[in-house]
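Here the structure comes first, spelled out in structure tokens, and everything after it is commentary.
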Amino acid sequence: MNTTTYTLEEAITLMRNCSKLSKPFSIYYAKLGGGKKRIVNASLRPMASTKDDRNAKYKLQLRDNDNHVNRSCYIPLLMEVNGIEVKLK
């Protein structure tokens, strides 16, 4: 794992591990409709059912622990985790 960038797989593994340990992480991503969003105190939540959301397999389901709000992020729009850039390839 390079400490200056994460691969997509490394970033998702880190978020899963943090969430299993109830340890929050920060995430920065582009929003589908434009703009960007940073959540400083985030955790992963269970994936949505594909019968409820046909794009569920392309999304991360997040919880903003500061505001107690559920969010989702399209995986290809992920930009940073814990301040470290995420590279798609």
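The values are calculated or read from the model by the stated rules, or taken from the named source; none is laboratory data. This structure is a prediction, so every number in the text was calculated from the model and none was measured. Methodologically, a virtual Cβ is constructed for each residue, glycine included, from the backbone with ideal geometry; neighbour enumeration extends over all protein chains shown. What goes into the accessible areas is simple: the full protein's heavy atoms, side chains included, and nothing from ligands, DNA or RNA. Shrake-Rupley method; radii C 1.70, N 1.55, O 1.52, S 1.80 Å.
Apolar share of the accessible surface for region 1-55: 51 percent from carbon plus sulfur atoms, 1.4 Å probe. Ranking T50, M15, M79 by Cα position along the charge dipole of the chain, where only Lys, Arg, Asp and Glu carry charges on their C-beta atoms, puts T50 farthest toward the positive end. Considering helices alone, the calculated mean residue ellipticity of the chain at 222 nm is -4500 deg cm²/dmol, with DSSP H runs of length four and up weighted by -39500 (n - 2.57) and normalised per residue. From largest to smallest, the equivalent ellipsoid semi-axes obtained for the chain from the alpha-carbon gyration tensor read 19, 15, 13 Å. Heavy atoms of the protein chains alone define the surface here; on that basis the chain has 65 Å² accessible area per residue at 1.4 Å probe size. For K59, the residues whose amide H sits under 5 Å from its own are I75, ignoring neighbours fewer than 5 places away on the same chain, with H placed 1.01 Å from N.
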